[in-house]
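Single-structure report; data block below.
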Amino acid sequence: MKNAGLNNRKTLAGASLVAASALMSAPAHAAGFAVVFNGNDSGFGSLRFALENQQASHVLILPSVDEINIGSTLNYDATRSLTIFGTGQTVTTDLNTTLLSVNQGADLRISNLNFRGKTNFYSIENRGDLEGPAGKGIFVDVRDDQTGVVEVELFNVSVSGVANHGIHISDCSLADECGGGSGGGGEGSPASIYVELHNVHVNDVGQGKFDADGLRVDDRGEGDIYFYARHSSFTFVGADGVELDEGNAGSVYADIAHSDFSNNGNYCDPALLSAWLPSPDEAEFSEEESITLEMIPAVSGSPDDSCIEREVDFYDSGFVEAYEFGIDVDDGIDLDEAGEGSLVAYMFKSSINHNFDEGVDFDEEDGGDIEVSFIKTEANGNTDDGYKMSEEGQGDVLGTVKRAQAFDNGGKGFVFEEADDGDLSVNVKRTQTANNDGSDDTGIEAVQEDQGMGTLKVRRSEIADGIDTDGVDLI
Ligand SMILES: [Ca+2]
Ligand SMILES: [Ca+2]
Ligand SMILES: [Ca+2]
Ligand SMILES: [Ca+2]
């Protein structure tokens, strides 16, 4: 800068020119900031160029760009955070491929951008996983050695028409084979995962593959899952609207308001698959009948055999005592916490209706509590329970239900189950239930097993279909 005083005006003009040209044509790996000014699939000025060639940390898509049609996945391979400022565009593809893949666990912020595959296209009869992997909407793969918190924040974003998960954040060495629930395996990094959604709409995804969710977070190894959602929706998803799966040390925290989790979980379409169930689909045998596992084969030849679960119990002798086949349908919101750590969830003014399994399905096992609040929520017309909370191992169940509803569910309205060491304490106020599961004490069920105490307090509520307690004092 020793010449700065010599010709001030010329230097300033020169500087701004340099800045402008850096903006428009920064070489690979050099840019912090890139502008997308065309909807091309590749080349200078395209979104792909900004992400893959420039690896820009901040990307602005100009309003003059309308649609961005891509012929292959957009990859971001840098580890530094990525922010994409859309201005209402749609990133779309005619192929069965992941739209945006963040491969090195970078923090991700996206605003005002839509991601769309082939809408109303995939189903169990038109699968997306037979000739290669099924495409996702937004995928973030956490590094094996990552630490700290991986942050994914989406504002005014939609995802639709992809065969696999709409949004998938994977801290699991097994990637898509990670599995869900207590049976999930795989290793993970020490990192935690934080997901914040504002006005995010995930619709018509996960219809081309078994167990593909609207939002799926897999956390293995140390670390927590934080989920914050406002004014968002997860609808017509093949598997769960949202599944958060925390498998080892660490907790799940969910803070949800003004959001909708409805009409999810029917990839394994019972109307279609029931024809493949053995008849009878469940049976019990005496030991003398000497039934072996080979006599009860798993179902094969259906549109997707993964959909048909086979459960077999054995006598000590090895002969079959009982079997049951079922079709694996899914939930509105499914939180699974295993290993040490708690499941803490707050849901406010949200709806969880017409899902093909439970509406709310929260499972906690091993050390740690379930602490839930449902305020002004409704779970109506789900095939199984409206709200199901199940706690095992050390730890308590603490529930607050206020001005909530559960009507017309095929299972119970509310279920709170506490097993092993620990207490149950649930407070219900100004809440209504009716017509759940045959209306035989099915509005609220509270069960406390093994060591511990249970109390259920119900005030100023209309539980038309009754209350069932076991090991719990109704006060
Ligand atoms: Ca982790
Ligand atoms: Ca845990
Ligand atoms: Ca527990
Ligand atoms: Ca107990």
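All of the numbers you see were taken from the coordinates with simple rules; none came from a lab. As the structure is a computational prediction, the values presented were derived from the model and not from experiment. FYI the Cβ positions are ideal-geometry reconstructions off the backbone, even for glycines, and counts take in every protein chain you see.
Quick notes
- If the chain linking residue 453 and residue 41 were pulled fully straight, counting 0.36 nm for each residue of separation and taking away their Cα-Cα distance, it would gain 142.1 nm.
- DSSP beta bridges confined to the chain are antiparallel in about 5 percent of cases.
- When you count the other C-beta atoms within 10 angstrom of each residue and take the mean per peptide, 121-131, 213-223 line up highest first as 213-223, 121-131.
- Between residue 415 and 387, 388, 389, 445, the built amide H atoms are under 5 Å apart, and every one of these is 5 or more places off in sequence or on another chain.
- Check: region 205-287 dipole with +1 on Lys, Arg Cβ and -1 on Asp, Glu Cβ, in debye: 480
- Percent RCO, i.e. relative contact order, over the chain, from Cα pairs under 8 Å lying at least 6 residues apart: 7
- The equivalent ellipsoid of the chain has semi-axes of 46, 26, 20 Å, largest first, where each one is the square root of 5 times an eigenvalue of the Cα gyration tensor.
- Each peptide in 353-362, 321-330 was scored by the mean count of other Cβ atoms within 10 Å over its residues; highest first, the order is 353-362, 321-330.
- Residue 33-residue 432 pseudo-label distance in nm [points 7 Å out on the Cα-to-Cβ vector]: 5.4
- Note on 461, 173, 160: ascending count of other Cβ atoms within 10 Å places them as 173, 461, 160, the fewest first.
- Folded to 0 to 90 degrees: helix 8-25 orientation relative to the chain principal axis, Cα: 40
- Per residue, the convex hull volume that the Cα atoms of region 270-327 enclose (Å³): 71
- Taking each residue as 0.36 nm, the span from residue 349 to residue 400 lengthens on full extension beyond its C-alpha to C-alpha distance by 17.0 nm.
- Calculated mean residue ellipticity, 222 nm, the chain: -1500 deg cm²/dmol, from DSSP H runs (n ≥ 4) at -39500 (n - 2.57) each, averaged per residue and rounded to 500.
- Descending by average beta-carbon neighbour count within 10 Å, the peptides 341-347, 445-451, 469-475 line up as 341-347, 445-451, 469-475, the highest first.
- Cross-link pairs exceeding 23 Å in C-alpha to C-alpha distance, out of 118/349; 388/429; 136/412; 388/457; 209/376, comprise 118/349; 136/412; 209/376.
- In a fully extended conformation the segment linking residue 287 and residue 310 would gain 6.3 nm over its present Cα-Cα distance, using 0.36 nm per residue.
- Backbone HN-Hα couplings from phi across region 365-370 [Karplus 6.51/-1.76/1.60, Hz, Gly and Pro as x]: 9, 6, x, x, 9, 10
- Radius 10 Å from Cβ of residue 82, net charge of other residues (Lys, Arg +1; Asp, Glu -1): +1
- Value of D in µm² per second that Stokes-Einstein yields for region 211-320, Kirkwood Rh from Cα pairs, at 20 °C (1.002 mPa s): 123
- Basic side chains Lys and Arg get +1 at the Cβ, acidic Asp and Glu get -1 at the Cβ, and with that the dipole of region 270-327 about its Cα centre reaches some 360 debye.
- The HN-Hα couplings worked out from phi for region 374-389 by the Karplus form 6.51 cos²θ - 1.76 cosθ + 1.60 (θ = phi - 60°) are 10, 10, 6, 9, 10, 10, 10, x, 7, 5, 10, 5, x, 10, 10, 10 Hz, whole numbers, x standing for Gly and Pro.
- Between residue 94 and residue 66, the simple spin-label model (points 7 angstrom out along Cα→Cβ) gives 1.6 nm.
- Computed from phi, the 3J(HN,Hα) profile of region 214-220 under the Karplus parametrisation 6.51, -1.76, 1.60 (θ = phi - 60°) reads x, 10, 10, 10, 10, 10, 10 Hz, with x in place of Gly and Pro.
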